[in-house]
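Pasting in a structure now, in structure tokens, and then I'll have a few things to ask.
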Amino acid sequence: MALKNKKADFISTGLVAQNRRANFDYFINEKFVAGLELTGTEVKSLRLGHANINDAFGIEKNNELYISNMFIAEYTNKGYESHAEKRDRKLLLKRREINSIISALAKKGATLVAIRLFFNEKGRAKLEVGLGTGKKNFDKRETIKTRDWNREKARIMAR
């Protein structure tokens, strides 16, 4: 018997998934909010919060941008229609933004990383992507030091 989902379990607006390691692993230079080309069962699965964008990255095919390696689980109450869990999904951006991202990706070390997946006020699925470069180990240690110092400074100021 299929699982019944209550309306209260659905996400109508707000955060679905977040990539917390994006700011730790990359210097994010520029952020973009893009729409996604999704099927019906993918949207229903996202509304239940069954998504993972930790390994997702952007690629360029035929002068278009796609997000690759983004996991959206199969919808449990599906009928005959289903979707592939890790397929390439098209990013919906303005042509000017697409051209600027493609030219930036041509540079060495540039990466398009998924930062967060959410539903906007209108209930549309959006993906925030960041254009960045990878951090080295010493950069990551520096990030940890500044974060710890800011935390310690806030404790001292609170006393």
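For the stretch 74-97, indicate whether the set of residues that are modelled with pLDDT of 90 or more, surrounded by 14 or more Cβ atoms within 10 Å (Cβ to Cβ) and over 14 Å from the mean Cα position of the chain (by Cα) is non-empty.
Within the stretch 74-97, one or more residues are modelled with pLDDT of 90 or more, surrounded by 14 or more Cβ atoms within 10 Å (Cβ to Cβ) and over 14 Å from the mean Cα position of the chain (by Cα).
Pairs under 9 Å by beta carbon, first residue closer than 28 Å to GLU42 by Cα in the stretch 13-29, partner of a type in the set (Lys, Arg) and in a strand (DSSP E or B), six or more apart or different chains?
The qualifying pairs are LEU15/ARG116; VAL16/ARG116; ALA17/ARG116; GLN18/ARG116; ASN19/ARG116; ALA22/ARG116.
Then there is this: Given the criteria closer than 21 Å to PHE24 by Cα, surrounded by 14 or more Cβ atoms within 10 Å (Cβ to Cβ), out of contact with any helix residue (DSSP H, G or I) (no Cβ under 8 Å at 6 or more places or on another chain) and aliphatic (A, V, I, L, M), does ILE144 qualify?
Here the answer is no, as ILE144 does not meet what is asked.
Okay, moving on. Given the structure, is SER103 touching a strand residue (DSSP E or B) at 6+ places or on another chain (Cβ under 7 Å), without any contact (Cβ under 8 Å) to a residue 40 or more places away in the chain, of a type in the set (Gly, Ala, Ser) and more than 13 Å from SER45 (Cα to Cα)?
It is false that SER103 is touching a strand residue (DSSP E or B) at 6+ places or on another chain (Cβ under 7 Å), without any contact (Cβ under 8 Å) to a residue 40 or more places away in the chain, of a type in the set (Gly, Ala, Ser) and more than 13 Å from SER45 (Cα to Cα).
Looking at the stretch 44-57 only, could you name the residues that are among the hydrophobic types (A, V, I, L, M, F, W, C) and closer than 14 Å to ALA17 by Cβ?
Matches in the stretch 44-57: LEU46, LEU48, ALA51, ILE53, ALA56.
If I filter the stretch 28-39 for residues that are at pLDDT 90 or above, part of a loop (DSSP other than H, G, I, E, B), under 22 Å from GLY134 (Cβ atoms) and in contact with a strand residue (DSSP E or B) (Cβ under 8 Å, 6 or more places away or on another chain), do I get at least one hit?
no
Could I ask something else about it? From the residues in the stretch 103-123 that are in a loop (DSSP other than H, G, I, E, B) and not hydrophobic (A, V, I, L, M, F, W, C), which one is surrounded by the fewest Cβ atoms within 10 Å (Cβ to Cβ)?
LYS108
Please work out if ALA17 is touching a Gly at 6+ places or on another chain (Cβ under 8 Å), surrounded by 19 or more Cβ atoms within 10 Å (Cβ to Cβ) and aliphatic (A, V, I, L, M).
Yes, satisfied.
Please state which of the following conditions TYR75 fails to meet, knowing it meets all the rest: (1) touching a residue at least 24 places away in the same chain (Cβ under 8 Å); (2) out of contact with any helix residue (DSSP H, G or I) (no Cβ under 7 Å at 6 or more places or on another chain); (3) not small (Gly, Ala, Ser).
(2)
Further, regarding this structure: Going residue by residue through the stretch 124-139, is there one that turns out to be small (Gly, Ala, Ser), assigned to a loop (DSSP other than H, G, I, E, B) and either over 16 Å from TYR26 (Cβ atoms) or without any contact (Cβ under 8 Å) to a residue 60 or more places away in the chain (or both)?
Looking through the stretch 124-139, none of the residues is small (Gly, Ala, Ser), assigned to a loop (DSSP other than H, G, I, E, B) and either over 16 Å from TYR26 (Cβ atoms) or without any contact (Cβ under 8 Å) to a residue 60 or more places away in the chain (or both).
The values are calculated or read from the model by the stated rules, or taken from the named source; none is laboratory data. Computed from a predicted model, the values in this text were never measured in an experiment. Ideal geometry is used to build each Cβ from the backbone, glycine not excepted, and the neighbour counts take in all protein chains shown.
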